[in-house]
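Participant: After the structure tokens below, expect a handful of questions from me.
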Amino acid sequence: MSEVSVIEVKNQSELKQFVRFPMDLYKNNPYYVPSFVKDEFKLWDPKENPALNYSKSRQFLAFKDHKVVGRIAVIINHKEEKELGIKKVRFGWIDFIDDKEVSKALIQKAIDYAKENKIDKIEGPMGFTNLDKAGMLTMGFDKLATMIGIYNHEYYPKHLEELGLVKEKEWVEYEMNFPKILPEKVEKFSGLIAQKYKLKVLNFKSKQEILPFVEPMFKLLDETYKHLSTYTPISDEQIQTYREKYFPFIDKNYVICVVDENNELVSFAITMPSYSKALQKSKGKLFPLGWWHFLQAGKKNDRANFYLIGIHPEYQRRGVTAIIFKEIFVRFTSMGIDFAETNPELEENKSVQVLWQDYNPVNHKRRRTYSLMITDH
């Protein structure tokens with residue numbers, strides 16, 4: 001039997017193999033959605049990824065019979081350690097063929113990295129920050145992936161569990177068949193709440209009008225999720241990076257901002273038409289013809305994805321969501337959207353999950369991170 005060898009990624013040729021491996025692994029899988037190839041390269045460039053200013057990382061490739069059969073990245077986020085007191089090795093970008101020797105060799109690299117840095121714990125899959133993809137799929141293998149969700153084979157979690165890793169965090173995702181008629185209580189309360197708190201929905205005439213609200217949106221995200229034990233604040237550099245990465249795909253009609261009488265942002269929701277099929281057709285590239293698939297997905301689509309939603313803590317129990325959902329209903333109806341899918345939400349984050357309760361949500365995907373304590377240094 002051939003042995004598994006693991007090498008550290010040291011040059012552009014090896015990085016290209018690292019980036020492309022999942023595209024080969026899932027070549028004929030109808031549910032896998034590739035990442036943007038260009039963005040994947042940028043992640044490992046300190047000039048492009050501000051998280052590398054306070055993190056260190058390494059990437060590895062597994063080989064068998066002279067073929068790439070797996071990959072993994074290991075990360076230490078010093079900001080997380082400094083601000084939250086959490087000291088761990090994050091592992092991510094983990095993919096492997098259905099061979100337990102391969103998965104074992106990859107996880108061993110994360111363990112070795114933890115020992116080298118005198119760290120007692122590894123956890124993954126996760127990225128550099130809270131806004132990166134995280135969580136290994138444990139349910140929903142026969143569902144189309146989204147642009148911001150990890151897709152993996154059903155054997156992945158089985159491999160990790162057999163290696164002794166245990167559940168750390170759990171995320172849930174919901175799918176909704178969008179109603180043709182707005183629920184009566186949403187219709188009723190949206191007007192009452194807007195009047196009571198002097199709130200209004202902004203109508204953007206162009207994408208450029210959204211720009212002044214990008215930074216306030218991220219600041220509001222901090223306020224919305226800071227109570228979660230694992231949340232770290234978003235830096236100004238990260239805001240700039242995410243703006244450059246996602247702003248080109250934002251449609252003004254899918255961005256909803258609610259402000260108070262002083263024009264201060266109190267709530268927002270960013271949704272997008274589903275770009276999953278466009279990414280599949282373009283194979284993760286905008287050029288030469290990928291842009292056409294994205295253009296068509298933006299013009300004609302019956303599915304939308306929720307990406308970010310923020311509500312100031314002072315307004316979280318005051319019915320502001322009724323305003324947002326009435327606006328979403330009006331816009332989705334006019335655009336022919338029949339289905340909506342949420343982003344991954346931490347299982348314990350009930351305050352966000354309650355937002356969907358009036359729309360008969362179906363929990364169609366679950367994902368989790370796995371962890372392992374390292375006792376011998």
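The values are calculated or read from the model by the stated rules, or taken from the named source; none is laboratory data. Model, not experiment: these values are computed from the prediction. No Cβ is skipped: glycine too gets one built from the backbone with ideal geometry, and neighbour counts run over all protein chains shown. Accessible surface areas use protein heavy atoms only, side chains included; no ligands, DNA or RNA. Shrake-Rupley method; radii C 1.70, N 1.55, O 1.52, S 1.80 Å.
Participant: Straight-line reach from residue 180: which lysines have Cα under 27 Å away, leaving out those fewer than 8 places along the same chain?
Facilitator: The qualifying lysines are 143, 188, 200, 205, 252, 277, 299, 300, 326, 350, 365.
Participant: Hey, another quick one. Using 7 Å Cα-to-Cβ label points, what is the residue 184/residue 219 separation (nm, one decimal)?
Facilitator: 4.2
Participant: A further question follows. If I build a Gaussian network model for the chain, linking alpha-carbon pairs within less than 10 angstrom, which residue out of 133, 365, 226 has the largest mean-square fluctuation?
Facilitator: Per the Cα network of the chain with a 10 Å cutoff, 226 tops the list.
Participant: Return the distance in nm (one decimal) between the two label points of a simple spin-label model at residue 208 and residue 48, each offset 7 Å from Cα along Cα→Cβ.
Facilitator: Taking the simple label geometry, residue 208 and residue 48 are separated by 2.8 nm.
Participant: A further question on this structure: Explain nothing, just compute: Karplus ³J(HN,Hα) = 6.51 cos²θ - 1.76 cosθ + 1.60, θ = phi - 60°, for every residue of the stretch 269-279 in order, whole Hz, x for Gly and Pro.
Facilitator: For the stretch 269-279, the Karplus-derived couplings read 9, 10, 10, 8, x, 5, 9, 4, 5, 5, 5 Hz, x marking Gly and Pro.
Participant: Roughly how many Å is it from the Cα centre of the stretch 297-316 to that of the stretch 29-93, as a whole number?
Facilitator: 27
Participant: Spin-label point model (7 Å from Cα, Cβ direction): what's the residue 7 to residue 67 distance in nm?
Facilitator: Between residue 7 and residue 67, the label points sit 1.8 nm apart.
Participant: Let me ask something else about it. Return one number: the angle in degrees, 0 to 90 and rounded to the nearest 10, between the long axis of the Cα atoms of helix 100-116 and the longest principal axis of the Cα atoms of the chain.
Facilitator: It works out to around 90 degrees.
Participant: Ordered by residue, what ³J(HN,Hα) values in Hz, to whole numbers, does the stretch 50-59 give under the Karplus form 6.51 cos²θ - 1.76 cosθ + 1.60, where θ = phi - 60° and Gly and Pro are x?
Facilitator: Per-residue couplings from phi come out as x, 5, 6, 6, 10, 9, 10, 8, 9, 10 Hz.
Participant: Where does helix 214-225 land angle-wise versus the long Cα axis of the chain, in degrees 0 to 90, nearest 10?
Facilitator: 80
Participant: Something else now. With N denoting the number of residues in the chain, provide Rg(C-alpha) divided by 2.2 N^0.38 Å, to two decimal places. Spell out each step's value before the answer.
Facilitator: Working: Rg = 21.3 Å, N = 377, 2.2 N^0.38 = 21.0 Å.
Compared with the compact-globule rule of thumb, the chain sits at 1.01.
Participant: For the chain, what does -39500 (n - 2.57) per DSSP helix run (n ≥ 4), summed and divided by total residues, give at 222 nm, in deg cm²/dmol to the nearest 500?
Facilitator: Working: 12 runs with 126 residues, N = 377.
Helix-only estimate at 222 nm: -10000 deg cm²/dmol.
Participant: While we're here: Accessible area of residue 6, 1.4 Å probe, to the nearest 10 Å²?
Facilitator: Surface open to solvent at residue 6 totals about 40 Å².
Participant: So how much slack lies between residue 339 and residue 142, counting 0.36 nm per residue of separation and subtracting their Cα-Cα distance, in nm? Intermediate values should be presented prior to the final figure.
Facilitator: Working: separation 197, 0.36 × 197 = 70.92 nm, distance 1.68 nm.
Once the chain is fully extended between residue 339 and residue 142, it gains 69.2 nm.
Participant: Something else about it: Which order do the peptides 249-257, 33-41 come out in when sorted by mean C-beta neighbours inside 10 angstrom, highest first? Don't jump to the answer; show the numbers that get you there.
Facilitator: Values: 249-257: 18.9, 33-41: 17.3.
Ranked by mean Cβ neighbours within 10 Å, highest first: 249-257, 33-41.
Participant: Over the stretch 179-337, with the other protein chains present, what is the accessible area per residue in square angstrom, probe 1.4 angstrom?
Facilitator: On a per-residue basis, the stretch 179-337 sits at 53 Å².
Participant: May I ask you to derive the relative contact order of the stretch 179-337, considering only C-alpha pairs under 8 Å and at least 6 residues apart, and to give it as an integer percent?
Facilitator: Working: 192 pairs, mean separation 50.6, N = 159.
Computed value for the stretch 179-337: 32 percent relative contact order.
Participant: Rounded to two decimals, what is Rg over Rh for the stretch 179-337 when you use alpha-carbon atoms and the Kirkwood radius? Can you show the working numbers first?
Facilitator: Working: Rg = 16.7 Å, Rh = 17.0 Å.
Result for the stretch 179-337 is an Rg/Rh of 0.98.
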